[in-house]
């Protein structure tokens, strides 16, 4: 329903931070026709442990988790309308793009990619908006 | 419903020219989500490097073309993220931006980021369909 905002219950454990506290955010929130997904970093969904790797491996891990998250929320990768990708360096854009393409084989969502200073040595953050 | 919006001119298809795995824009839920708009020639896709002012004019021109081809317009923008290479250019951005957003400018956030190919500006926008 429009006007209603619903924090989606976590289908997965939120990533732990080094000091043991969880992040003050929901993984995804439904509002209007949309599901807004928080910026995801590469973590193991079972343990919540960080999976630090290359730009390519982190991208693969994030999108694998995103698929699971969207499916659990009743959406899917097919319903993603917009993706924002933050990279630690724009020199890595092709490495991200190559992996990314496999997850959105046809009719890919709109996307913006930029380089930004990311926390804790993270190489990739991906956030998205999907149809709920 | 989710509908991919094709590039109105060949140069605006960044997937074709640069292999970026993205659609130019997607319409869904009464909104149009555009991929990050860059200063490329709308006919040829060639990069149009220049000053922030010249790049901003190209980007906003491209955005106008894309939105109008999708039945929307600059007047229907709801949110703009303006990424610029250096915050020192904030006032320069505003001078150009103002010319395109005469009536009731959209919500906007500006920040500094690394933009591909050394461009000085990229616009990431949502418009009403």
Figure the gain on full extension for residue B:87 and residue B:112 (residue separation times 0.36 nm, minus the Cα-Cα span) and round it to one decimal in nm. 8.4 nm
When you look at the Cβ of every residue in B:115-126, what mean number of other chain Cβ atoms sits within 10 Å? 3
Sort all Cα-Cα distances of the stretch B:2-128 into consecutive 5 angstrom bins from zero, then give the percent of pairs in each bin up to the one containing the longest distance. 2, 11, 23, 26, 21, 14, 3, 0
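Compute the normalised compactness of the stretch A:5-131: alpha-carbon radius of gyration over 2.2 N^0.38 Å, N being the residue count.
Expressed relative to 2.2 N^0.38 Å, the Cα Rg reads 1.00.
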If you count, for every residue in B:34-45, the Cβ atoms of partner chains within 10 Å of its Cβ, what is the mean? 2
Shielding of B:84-95 by partners, i.e. mean partner chain Cβ atoms within 10 Å per residue? 0
Over all directions, how big on average is the projection of the convex hull of the alpha-carbon atoms in the protein assembly as shown, in square nanometres? 13.6 nm²
Counting DSSP beta bridges with both partners in the protein assembly as shown, what percentage is antiparallel, nearest 5? 75 percent
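Values quoted throughout were computed directly from the atomic coordinates according to the rules given, and no laboratory measurement underlies them. All values derive from a computational prediction rather than experimental measurement. Note that we place each Cβ from the backbone using ideal geometry, even for glycine, and neighbour counts take in every protein chain shown.
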